[in-house]
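Before any comments, here is the structure.
Each reported figure results from applying straightforward, stated rules to the coordinates on display, with no laboratory input. This one's a predicted model, so the numbers in the text were calculated from it and none came from an experiment.
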C-alpha cells in the first residue's frame, strides 16, 4: 500500500487551492496518473465523491484504513 502517496494527495490539496479544485472537479485521473498508487488505490481514489477538502481527506483516510485491515 502506498500510504505515502495517498498522504501526498491530501497534502497537495491542503497546500494548493488550484490542485484542490482540480482534484474535486473531474481532473483527478489526470492528476494521479504519475503517482505511486497501486491499481486498487487508483480505482478507490477515482471513485471518491467529494465536494470539499474535508470530504476528500476523509475518503482518503477510509481508503487507508480499509487497506490496512486486509
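Per residue of the chain, the DSSP helices (runs of n ≥ 4 H) give a summed -39500 (n - 2.57) that works out to -21000 deg cm²/dmol at 222 nm.
Cα convex hull, the chain: 74 Å³ per residue, rounded to a whole number.
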